[in-house]
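The numbers here are math on the coordinates, done by the rules we state, and not lab data. A quick note: this is a predicted structure, and the numbers were derived from the prediction, not measured. Glycine also receives a Cβ, built like all others from the backbone with ideal geometry; neighbour counts cover every protein chain displayed.
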Amino acid sequence: MNKILNSLSEDEFVLIRETKKAQMADLDEDKLITLHTSVRRARNKHVKLYRQEGAAKVEDKGARGAGKAANVRNAEKAEVFEAALSRVSRRLATAARASARDLKDQRLARARSDSPSFSELGDSNGKVGSPGKVRVDETRKSSGRKKYEASTIAAGARRQAKKDKR
């Protein structure tokens, strides 16, 4: 592993170092997404190089096994970036879950503060009485909706008639 890490370019080595747990600890979700994108691009690059050079070496060597042995460095580089990508993905998933939980808590708190208290509107059995809005479904009035519903009803009638014939 150290041999491959030492053979990375400076930019690649810095990118791998940024994926260490201690380095990612203070990154927010947006920075983690940026890091994830750059690591994924580097991983894709090395996987593509491994495949392309491996395919080219098969012709030269005459066999896939011999071609693979000559392409070990590219495979190891791809593995290093795959491991780095998995570290970033796990950290990003954790951050995303925390962010979603925070947003949910904020929405619930806002909903609780905007709604009237239970004692003002409710009765003793826990039901909340509210004048509310009268809801009218405006989508039922469109001609497209009427046609859709008519065709659905007709299709159902055809299916039932087909069953009744048996």
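Observations, loosely collected:
- Under 14 Å, Cβ to Cβ, from Lys104 - net charge with Lys/Arg +1 and Asp/Glu -1: +3
- Karplus-based coupling profile of region 95-100, in residue order and whole Hz: 5, 5, 5, 5, 5, 5, with θ = phi - 60° in 6.51 cos²θ - 1.76 cosθ + 1.60 and x standing for Gly or Pro.
- Per residue convex hull volume, Cα atoms of region 61-116, in Å³: 77
- Burial ordering of Ser99, Ser143, fewest other beta-carbon atoms within 10 Å first: Ser143, Ser99
- Given +1 at the Cβ of Lys and Arg, -1 at the Cβ of Asp and Glu and no other charges, the dipole of the chain around its Cα centre is 1340 debye to the nearest 20.
- Working from the Cα coordinates of the chain, the gyration tensor eigenvalues give, after taking √(5λ), semi-axes of 57, 34, 13 Å in decreasing order.
- Per-residue 3J(HN,Hα) values for region 157-164, derived from phi via the Karplus relation 6.51 cos²θ - 1.76 cosθ + 1.60 with θ = phi - 60°, read 5, 5, 4, 5, 5, 5, 5, 5 Hz in sequence order (x marks Gly and Pro).
- Residue ranges 40-50, 74-84 sort as 74-84, 40-50 when ordered by packing (mean number of other C-beta atoms within 10 Å per residue, highest first).
- Coupling constants for region 77-87 follow from the phi torsions by the Karplus curve (6.51 cos²θ - 1.76 cosθ + 1.60, θ = phi - 60°), and in residue order they are 4, 4, 5, 4, 6, 5, 5, 5, 5, 5, 4 Hz; glycine and proline get x.
- All other residues whose Cβ lies under 15 angstrom from that of Lys147 are scored, Lys and Arg at +1 and Asp and Glu at -1, for a net of +3.
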